[in-house]
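Enquirer: Here it is, the structure in full.
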Amino acid sequence: MSSRYAILQAGSLSTPARSIHSNGSNPKDKLRRIAVSPGTIICQQLVQEGTYGRIYSGILHHPLGETRDVLIKTVVDGASLSQVAYLLSEGSTLCGISHPNILFPVAAVTELSGPPKVAYPLTAKGNLKLYLQSCREIGIQNSQLSTQQLVEFGLQVARGISHLHSLGVLHKDIATRNCVLDIELNVRVCDNALSRDVFPNDYHCLGDNENRPVKWMALETLEKKFFTASSDIWSLGVLLWELATLAAMPFEQRYGPAVEALRFPPTHKSDYKSSTFGQSLDLTLV
(Lines give C-alpha, C1' and ligand atoms only; values in the text may rest on other atoms or scores of the structure.)
Protein backbone atom coordinates (compact mmCIF):
# COMPACT_ATOMS: atom_id res chain seq x y z
CA MET A 1 0.00 0.00 0.00
CA SER A 2 1.43 3.43 -0.92
CA SER A 3 2.00 6.09 1.74
CA ARG A 4 -0.65 8.29 0.13
CA TYR A 5 -3.39 5.69 0.54
CA ALA A 6 -2.15 4.71 4.00
CA ILE A 7 -2.72 8.32 5.15
CA LEU A 8 -6.21 8.35 3.68
CA GLN A 9 -7.04 5.02 5.30
CA ALA A 10 -5.71 6.13 8.69
CA GLY A 11 -7.91 9.22 8.51
CA SER A 12 -11.06 7.53 7.19
CA LEU A 13 -13.72 7.14 9.85
CA SER A 14 -17.30 6.02 9.36
CA THR A 15 -18.52 6.79 12.88
CA PRO A 16 -18.89 10.48 13.83
CA ALA A 17 -16.85 11.38 16.89
CA ARG A 18 -17.84 13.66 19.72
CA SER A 19 -15.69 16.23 21.44
CA ILE A 20 -14.18 15.31 24.77
CA HIS A 21 -15.62 18.59 26.03
CA SER A 22 -19.15 17.28 25.44
CA ASN A 23 -18.91 14.45 27.95
CA GLY A 24 -19.71 16.72 30.90
CA SER A 25 -16.30 16.33 32.53
CA ASN A 26 -14.98 19.54 34.04
CA PRO A 27 -11.51 20.43 32.64
CA LYS A 28 -10.21 21.28 36.10
CA ASP A 29 -11.50 17.96 37.46
CA LYS A 30 -9.62 16.09 34.72
CA LEU A 31 -6.41 17.94 35.52
CA ARG A 32 -6.85 17.23 39.23
CA ARG A 33 -6.22 13.57 38.43
CA ILE A 34 -2.63 14.53 37.62
CA ALA A 35 -2.41 17.40 40.11
CA VAL A 36 0.83 18.05 41.98
CA SER A 37 1.94 20.68 44.49
CA PRO A 38 3.12 24.05 43.06
CA GLY A 39 6.78 23.41 43.91
CA THR A 40 6.83 20.17 41.94
CA ILE A 41 6.84 21.82 38.49
CA ILE A 42 9.79 24.19 38.01
CA CYS A 43 9.97 26.54 35.00
CA GLN A 44 13.50 27.06 33.67
CA GLN A 45 13.99 28.29 30.09
CA LEU A 46 11.39 30.30 28.16
CA VAL A 47 10.59 28.56 24.85
CA GLN A 48 7.67 30.60 23.48
CA GLU A 49 5.61 33.52 24.70
CA GLY A 50 2.52 35.45 23.70
CA THR A 51 0.62 38.33 25.26
CA TYR A 52 -0.41 36.29 28.30
CA GLY A 53 0.80 32.74 27.69
CA ARG A 54 4.23 31.35 28.40
CA ILE A 55 5.76 28.02 27.40
CA TYR A 56 8.87 26.86 29.27
CA SER A 57 11.15 23.89 29.42
CA GLY A 58 11.59 22.77 33.00
CA ILE A 59 11.71 20.03 35.57
CA LEU A 60 9.04 17.83 37.14
CA HIS A 61 10.02 16.50 40.59
CA HIS A 62 8.58 13.08 41.43
CA PRO A 63 7.71 12.20 45.05
CA LEU A 64 10.52 9.62 45.23
CA GLY A 65 13.15 12.21 44.37
CA GLU A 66 13.40 11.51 40.64
CA THR A 67 13.19 14.34 38.11
CA ARG A 68 11.89 14.51 34.57
CA ASP A 69 12.39 17.06 31.79
CA VAL A 70 9.05 18.59 30.82
CA LEU A 71 7.43 21.28 28.68
CA ILE A 72 5.33 23.63 30.80
CA LYS A 73 2.39 25.75 29.65
CA THR A 74 1.32 28.56 31.95
CA VAL A 75 0.06 32.16 32.00
CA VAL A 76 1.36 35.41 33.47
CA ASP A 77 0.27 36.58 36.92
CA GLY A 78 -2.08 39.19 35.48
CA ALA A 79 -3.93 36.82 33.15
CA SER A 80 -7.71 37.17 33.11
CA LEU A 81 -10.08 34.47 34.32
CA SER A 82 -11.05 33.69 30.72
CA GLN A 83 -7.39 33.26 29.73
CA VAL A 84 -6.84 30.91 32.67
CA ALA A 85 -10.00 29.02 31.69
CA TYR A 86 -8.69 28.62 28.12
CA LEU A 87 -5.46 27.07 29.41
CA LEU A 88 -7.25 24.65 31.73
CA SER A 89 -9.93 23.69 29.20
CA GLU A 90 -7.63 23.16 26.24
CA GLY A 91 -4.83 21.71 28.37
CA SER A 92 -7.16 18.98 29.61
CA THR A 93 -8.30 17.85 26.15
CA LEU A 94 -5.89 14.92 25.81
CA CYS A 95 -5.55 14.15 29.51
CA GLY A 96 -5.20 10.40 30.09
CA ILE A 97 -4.99 9.48 26.39
CA SER A 98 -1.92 7.32 25.82
CA HIS A 99 -0.66 6.66 22.29
CA PRO A 100 2.77 6.85 20.58
CA ASN A 101 1.54 9.77 18.47
CA ILE A 102 -0.30 11.70 21.20
CA LEU A 103 1.34 14.08 23.67
CA PHE A 104 -0.70 14.11 26.87
CA PRO A 105 -0.16 16.12 30.07
CA VAL A 106 1.66 14.31 32.87
CA ALA A 107 1.20 16.80 35.71
CA ALA A 108 -0.68 20.00 36.50
CA VAL A 109 -0.86 22.72 39.12
CA THR A 110 -4.40 24.05 39.48
CA GLU A 111 -4.30 25.61 42.94
CA LEU A 112 -5.51 29.20 43.25
CA SER A 113 -2.32 30.42 44.92
CA GLY A 114 -0.71 31.20 41.55
CA PRO A 115 -0.97 30.76 37.77
CA PRO A 116 -1.89 27.23 36.67
CA LYS A 117 0.76 25.07 35.05
CA VAL A 118 0.32 22.09 32.73
CA ALA A 119 3.38 19.88 32.16
CA TYR A 120 4.04 17.56 29.20
CA PRO A 121 6.94 15.24 28.29
CA LEU A 122 9.71 17.36 26.75
CA THR A 123 10.44 16.55 23.11
CA ALA A 124 13.91 17.27 21.78
CA LYS A 125 13.00 19.02 18.52
CA GLY A 126 10.02 20.89 19.90
CA ASN A 127 7.12 22.39 17.96
CA LEU A 128 6.65 20.84 14.51
CA LYS A 129 5.66 24.09 12.80
CA LEU A 130 8.73 25.92 14.08
CA TYR A 131 10.95 22.97 13.13
CA LEU A 132 9.60 22.89 9.56
CA GLN A 133 10.01 26.65 9.19
CA SER A 134 13.63 26.42 10.37
CA CYS A 135 14.23 23.71 7.75
CA ARG A 136 12.73 25.98 5.07
CA GLU A 137 15.03 28.82 6.10
CA ILE A 138 18.22 26.78 5.81
CA GLY A 139 17.02 24.81 2.77
CA ILE A 140 15.61 21.29 2.78
CA GLN A 141 18.86 19.94 1.29
CA ASN A 142 20.71 21.10 4.39
CA SER A 143 18.05 20.00 6.87
CA GLN A 144 18.35 16.22 6.43
CA LEU A 145 14.61 16.09 5.75
CA SER A 146 13.41 13.94 2.86
CA THR A 147 10.08 13.65 1.11
CA GLN A 148 9.73 10.18 2.62
CA GLN A 149 10.25 11.66 6.10
CA LEU A 150 7.57 14.31 5.51
CA VAL A 151 5.13 11.63 4.37
CA GLU A 152 5.94 9.65 7.51
CA PHE A 153 5.14 12.75 9.59
CA GLY A 154 1.71 12.85 7.95
CA LEU A 155 1.15 9.15 8.64
CA GLN A 156 2.02 9.58 12.30
CA VAL A 157 -0.39 12.49 12.73
CA ALA A 158 -3.11 10.46 11.00
CA ARG A 159 -2.51 7.56 13.39
CA GLY A 160 -2.79 9.86 16.38
CA ILE A 161 -6.03 11.44 15.13
CA SER A 162 -7.45 8.03 14.25
CA HIS A 163 -6.83 6.93 17.84
CA LEU A 164 -8.57 10.03 19.21
CA HIS A 165 -11.57 9.38 17.00
CA SER A 166 -11.71 5.73 18.08
CA LEU A 167 -12.20 7.08 21.63
CA GLY A 168 -14.91 9.49 20.50
CA VAL A 169 -12.65 12.55 20.85
CA LEU A 170 -12.52 15.44 18.40
CA HIS A 171 -9.36 17.53 18.30
CA LYS A 172 -10.87 20.53 16.43
CA ASP A 173 -7.53 22.28 15.81
CA ILE A 174 -5.27 19.93 13.86
CA ALA A 175 -2.22 21.79 12.53
CA THR A 176 1.55 21.57 12.64
CA ARG A 177 1.56 24.21 15.42
CA ASN A 178 -0.22 21.64 17.59
CA CYS A 179 2.31 18.86 17.03
CA VAL A 180 5.76 18.22 18.47
CA LEU A 181 8.76 16.25 17.28
CA ASP A 182 11.09 14.08 19.36
CA ILE A 183 14.76 13.27 18.86
CA GLU A 184 13.91 10.24 16.68
CA LEU A 185 11.64 12.38 14.46
CA ASN A 186 8.43 10.88 15.81
CA VAL A 187 5.47 13.28 15.64
CA ARG A 188 3.06 13.55 18.55
CA VAL A 189 -0.21 15.47 18.32
CA CYS A 190 -0.75 17.77 21.29
CA ASP A 191 -3.60 19.97 22.51
CA ASN A 192 -4.01 23.58 21.39
CA ALA A 193 -3.54 25.20 24.79
CA LEU A 194 -2.03 28.70 24.28
CA SER A 195 -1.84 28.24 20.49
CA ARG A 196 -4.14 31.23 19.94
CA ASP A 197 -1.72 33.36 21.92
CA VAL A 198 1.68 32.13 20.70
CA PHE A 199 0.58 31.70 17.05
CA PRO A 200 -1.76 34.71 16.66
CA ASN A 201 -1.40 34.93 12.87
CA ASP A 202 -2.98 31.47 12.52
CA TYR A 203 -6.26 32.58 14.10
CA HIS A 204 -8.95 35.05 13.09
CA CYS A 205 -11.85 36.61 14.95
CA LEU A 206 -15.10 36.51 12.99
CA GLY A 207 -16.82 39.24 14.97
CA ASP A 208 -17.85 37.16 18.00
CA ASN A 209 -14.74 37.68 20.19
CA GLU A 210 -13.52 34.13 19.57
CA ASN A 211 -10.36 33.48 17.56
CA ARG A 212 -10.61 30.47 15.26
CA PRO A 213 -8.11 28.67 13.00
CA VAL A 214 -10.14 29.70 9.96
CA LYS A 215 -7.62 28.55 7.35
CA TRP A 216 -7.64 25.04 8.81
CA MET A 217 -11.40 24.71 9.29
CA ALA A 218 -13.82 22.79 7.05
CA LEU A 219 -16.29 24.92 5.10
CA GLU A 220 -19.30 23.42 6.88
CA THR A 221 -17.69 24.22 10.23
CA LEU A 222 -17.15 27.83 9.17
CA GLU A 223 -20.77 28.08 8.04
CA LYS A 224 -22.50 26.16 10.86
CA LYS A 225 -19.86 26.17 13.65
CA PHE A 226 -20.31 22.40 13.95
CA PHE A 227 -17.40 19.99 14.37
CA THR A 228 -17.31 16.34 13.28
CA ALA A 229 -14.70 13.69 12.59
CA SER A 230 -14.89 14.79 8.95
CA SER A 231 -14.00 18.38 9.85
CA ASP A 232 -10.96 17.03 11.71
CA ILE A 233 -9.95 15.17 8.54
CA TRP A 234 -10.28 18.40 6.53
CA SER A 235 -7.83 20.02 8.96
CA LEU A 236 -5.54 17.01 8.58
CA GLY A 237 -5.53 17.68 4.83
CA VAL A 238 -4.38 21.25 5.45
CA LEU A 239 -1.66 19.90 7.75
CA LEU A 240 -0.44 17.63 4.93
CA TRP A 241 -0.15 20.76 2.77
CA GLU A 242 1.84 22.39 5.58
CA LEU A 243 4.23 19.45 5.53
CA ALA A 244 4.67 19.70 1.76
CA THR A 245 5.47 23.43 2.00
CA LEU A 246 7.52 23.27 5.24
CA ALA A 247 4.85 25.12 7.22
CA ALA A 248 3.98 27.90 4.80
CA MET A 249 0.74 29.76 5.57
CA PRO A 250 -2.15 28.00 3.77
CA PHE A 251 -4.36 30.03 1.39
CA GLU A 252 -2.04 33.02 1.82
CA GLN A 253 -3.07 34.73 -1.43
CA ARG A 254 -6.73 33.79 -1.68
CA TYR A 255 -8.17 33.49 1.80
CA GLY A 256 -8.20 37.18 2.79
CA PRO A 257 -11.55 38.03 1.11
CA ALA A 258 -13.12 34.86 2.54
CA VAL A 259 -12.11 35.76 6.09
CA GLU A 260 -13.59 39.23 5.72
CA ALA A 261 -16.78 37.86 4.16
CA LEU A 262 -17.23 35.42 7.05
CA ARG A 263 -17.77 38.38 9.37
CA PHE A 264 -21.10 38.97 7.61
CA PRO A 265 -22.33 35.62 6.23
CA PRO A 266 -25.64 35.43 4.33
CA THR A 267 -28.77 35.24 6.45
CA HIS A 268 -30.64 32.81 4.20
CA LYS A 269 -29.14 29.61 2.80
CA SER A 270 -30.60 30.42 -0.64
CA ASP A 271 -28.37 33.51 -0.74
CA TYR A 272 -25.19 31.54 -0.08
CA LYS A 273 -23.87 30.95 -3.60
CA SER A 274 -24.56 34.51 -4.77
CA SER A 275 -23.04 36.10 -1.68
CA THR A 276 -19.50 37.40 -1.22
CA PHE A 277 -19.23 34.76 1.51
CA GLY A 278 -19.94 31.88 -0.85
CA GLN A 279 -17.90 33.23 -3.74
CA SER A 280 -14.91 33.91 -1.52
CA LEU A 281 -14.91 30.42 -0.02
CA ASP A 282 -15.20 28.93 -3.51
CA LEU A 283 -11.87 30.59 -4.35
CA THR A 284 -10.13 28.35 -1.85
CA LEU A 285 -11.01 25.28 -3.89
CA VAL A 286 -9.68 26.60 -7.22
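The values are calculated or read from the model by the stated rules, or taken from the named source; none is laboratory data. Model, not experiment: these values are computed from the prediction. Virtual Cβ from ideal backbone geometry, glycine too; neighbours counted across all protein chains shown. Accessible surface is based on the protein model in full, side chains and every heavy atom, while ligands, DNA and RNA are left aside. Shrake-Rupley method; radii C 1.70, N 1.55, O 1.52, S 1.80 Å.
Enquirer: Can you pull out the GluC sites (Glu not before Pro) in segment 182-231 whose DSSP state is coil and whose Cβ has at most 11 other Cβ atoms within 10 Å?
Expert: For GluC sites (Glu not before Pro) across segment 182-231 that sit outside H, G, I, E and B with at most 11 neighbouring Cβ atoms in 10 Å, the list reads E184, E210.
Enquirer: Right, here's the next one. According to a simple spin-label model (label point 7 Å from Cα along Cα-to-Cβ), what is the distance in nm between L219 and S57?
Expert: 4.4 nm
Enquirer: Figure the gain on full extension for A35 and A244 (residue separation times 0.36 nm, minus the Cα-Cα span) and round it to one decimal in nm.
Expert: Net length gain for the segment: 71.3 nm.
Enquirer: Right, here's the next one. Taking the simple approach of a point 7 Å from Cα along Cα-to-Cβ for both L46 and D77, what is their distance in nm?
Expert: 1.5 nm
Enquirer: Which length gain, in nm to one decimal place, applies between S146 and D182 when the Cα-Cα distance is subtracted from 0.36 nm times their residue separation?
Expert: 11.3 nm
Enquirer: So which trypsin sites (Lys or Arg not before Pro) in segment 130-213 end up in coil per DSSP with only 15 or fewer other C-beta atoms within 10 Å?
Expert: Loop-located and lightly packed - none at all.
Enquirer: Follow-up. Could you name the aspartates and glutamates in cross-link range of K125, using Cα to Cα under 12 Å and dropping any fewer than eight places away on the same chain?
Expert: Candidates past the 8-residue exclusion: D182, E184.
Enquirer: How much area per residue is accessible in segment 101-161 when the probe is 1.4 Å and only protein heavy atoms are counted (Å²)?
Expert: 44 Å²
Enquirer: Could you give me the ³J(HN,Hα) list for segment 71-77, computed from phi with Karplus coefficients 6.51, -1.76, 1.60 and θ = phi - 60°, whole Hz, x at Gly and Pro?
Expert: 9, 10, 9, 8, 10, 6, 4
Enquirer: Can I ask one more? Give me the net charge of P27's neighbourhood, meaning all other residues with Cβ under 12 Å from the Cβ of P27; Lys, Arg count +1, Asp, Glu -1.
Expert: +1
Enquirer: A further question on this structure: Treating cross-link reach as a plain straight distance, find the lysines whose alpha-carbon is under 19 Å from the alpha-carbon of K215, omitting any fewer than eight places away in the same chain.
Expert: K215 reaches K129, K172, K224, K225.
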